[in-house]
1. Among the residues of the stretch 98-113, which ones are part of a loop (DSSP other than H, G, I, E, B) and surrounded by 14 or more Cβ atoms within 10 Å (Cβ to Cβ)?
2. So Glu116 passes all but one of these: (1) in a loop (DSSP other than H, G, I, E, B); (2) acidic (Asp, Glu); (3) crowded, with 17+ Cβ neighbours inside 10 Å. Which condition number does it fail?
3. Looking at the stretch 68-97, which of the residues that are in contact (Cβ under 8 Å) with a residue 40 or more places away in the chain and among the small types (Gly, Ala, Ser) is surrounded by the most Cβ atoms within 10 Å (Cβ to Cβ)?
4. Which numbered condition trips up Ile148, out of (1) surrounded by 15 or more Cβ atoms within 10 Å (Cβ to Cβ); (2) modelled with pLDDT under 90; (3) part of a helix (DSSP H, G or I)?
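The values are calculated or read from the model by the stated rules, or taken from the named source; none is laboratory data. Note that the structure is predicted; figures quoted are calculated from it, not measured. Virtual Cβ from ideal backbone geometry, glycine too; neighbours counted across all protein chains shown.
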Amino acid sequence: MHRPRRDALGPAGRSRGFFRLDPRSTGRYISPCGELAIRGFLMRDFIEITKAMSDPGRVRILLALQGRELCVCQLVELLGLAASTVSKHVAVLRQARLVEHRKEGRWTYYRRAGREAPAQARSALRWLDCSLKGDETIGEDKKRLEEILRRPLEELCKNANRG
């Protein structure tokens, strides 16, 4: 008996794997979460986001950036990692479109992605916030960050560049 391929195209509203064909447009599919996706893009975004969120240091960076922007030097001080390591972490987060940056003079400031970010990135950030709300490490990071924010940026950056 011949079985149709799981990903075979069907008429509007019919299933294509775990996506449903959007009856309003041709060639677009709706994921189970309800977002429209063009073939391949949803999977790539999902992989980038999950890769970015698979490291505790990157998760701590995302939570530290909640509601504020921080310089790399401040993140180095918070995490206790080398500036090059923090820069690599931030690059992975940027690749996943979870953070944005701006340059001001010699400093680069990072913030969490805003309304312009893809829906998948915004959903991942909301999930992260809800999931780790009462985490002990995150609570300690918040207290430490308050101390770090009181220190002059020039002092932090000088120390970060030495280590």
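1. Step one: filter the stretch 98-113 for residues part of a loop (DSSP other than H, G, I, E, B), giving 98, 105-106, 113.
Selection gives Leu98, Ala113.
2. In the conditions (1) in a loop (DSSP other than H, G, I, E, B); (2) acidic (Asp, Glu); (3) crowded, with 17+ Cβ neighbours inside 10 Å, Glu116 misses (3) alone.
3. Looking only at the stretch 68-97, we keep the residues that are in contact (Cβ under 8 Å) with a residue 40 or more places away in the chain, and these are 68-74, 76-78, 82-83, 92-93, 95-97.
When the remaining residues are screened for being among the small types (Gly, Ala, Ser), the result is 82-83, 96.
Values: Ala82: 12, Ala83: 16, Ala96: 25.
The residue in question is Ala96.
4. All conditions are met except number (2).
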